[in-house]
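Enquirer: Sharing a structure, written as structure tokens. Questions coming.
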């Protein structure tokens, strides 16, 4: 049970809020959770990530997820590679995460997915006159002839960088990326392109995300949408009463 899985086939939560049971069968590529505010989208993602944290030995999540069961695509798998991208409430937290990722970016060899990311960023950021600094392993932009620190980017630009760098660092291997409302701070055109950009960087990534934005699904992902109400049923313990 120590071989990494390629993706998660099913998420089950027994007694969410002691009221409902969740059974969500997943696609290997893209899974989008939708529903009204307060219905449980974020909680379902948090439960799945918490379960994975516990399975991976994260002490902060060593317990409390006994009611969460994940089924992987391989019977001999006990875990899957995974990452989580959230929105940040404070700029300093976002800057810290971006600095960590850009430092790891600097250590990657040139070519491959890294070269593709450079092309993606030149296109995305070119609309505002920003260009990646060439000839440098460090992730840095120039605007109007001057060097632009990452801390000077907008919150939406930082969020897009965090998402794409997270994907890049897993490029070439199967992994699961959880994203809770990734559209926050992103322009509608970037929301539309988001899934395509991620899948281009790593076609082996399984996306599991929640969203309120119709733009995120506009480029062919309508069939990947699941309503929380469609995967919920009354908690069996209550139904038996």
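Enquirer: Using only Cα atoms and rounding to the nearest 10 degrees, what angle (0 to 90) does helix 188-201 make with the longest principal axis of the chain?
Expert: The helix 188-201 is inclined about 80 degrees to the chain.
Enquirer: Moving on to the next point. For 90, 105, what ranking results if the residue with the fewest other Cβ atoms within 10 Å of its Cβ goes first?
Expert: Placing the least packed residue first, the sequence is 90, 105.
Enquirer: How would you rank 229, 102, going from fewest to most other Cβ atoms within 10 Å of each one's own Cβ?
Expert: 229, 102
Enquirer: Next up: Helix-only estimate, please: 222 nm mean residue ellipticity of the chain, summing -39500 (n - 2.57) across DSSP H runs of length 4 or more and dividing by its residues, to the nearest 500.
Expert: Taken over the chain, the calculation gives -10500 deg cm²/dmol.
Enquirer: Follow-up question, since we're still on this one. For region 47-101 and region 166-241, what is the separation of their C-alpha centers, rounded to whole Å?
Expert: 15 Å
Enquirer: Using the scaling law 2.2 N^0.38 Å as the reference, what is the normalised Cα Rg of the chain?
Expert: Working it through for the chain, the quotient is 1.07.
Enquirer: Here's another thing I want to ask about it. What is the antiparallel percent of DSSP beta bridges lying wholly in the chain, to the nearest 5?
Expert: Rounded to the nearest five, the antiparallel share is 50 percent.
Enquirer: Then there's this: Given the peptides 107-114, 208-215, arrange them by the average over their residues of other C-beta atoms within 10 Å, most packed first.
Expert: Packing order, densest peptide first, comes out as 208-215, 107-114.
Enquirer: Using Cβ contacts closer than 10 Å as the measure, can you line up 73, 21 from fewest to most?
Expert: Ranked by crowding around the Cβ, least crowded first: 73, 21.
Enquirer: Report the Rg/Rh value for region 91-166, based on alpha-carbon coordinates and the Kirkwood definition of Rh.
Expert: We get a ratio of 0.92 for region 91-166.
Enquirer: Right, next: If one takes the longest principal axis of the Cα atoms in the chain, at what angle in degrees, from 0 to 90 and to the nearest 10, does the Cα axis of helix 91-106 lie?
Expert: 70 degrees
Enquirer: Now for a separate question. For region 1-81, what is the convex hull volume of the alpha-carbon atoms per residue, in Å³?
Expert: So the per-residue hull volume is 96 Å³.
Enquirer: While we're on this one: Relative to the longest principal Cα axis of the chain, at what angle does helix 41-55 sit, 0 to 90 degrees, rounded to 10?
Expert: On a 0 to 90 degree scale, this one is about 90.
Only the coordinates and a few stated rules stand behind these numbers; no lab work does. Here the structure is a predicted model, which is why all the values come from computation and not from measurement. In this analysis, Cβ positions are derived from the backbone assuming ideal geometry, glycine residues included, and neighbour counts consider all displayed protein chains.
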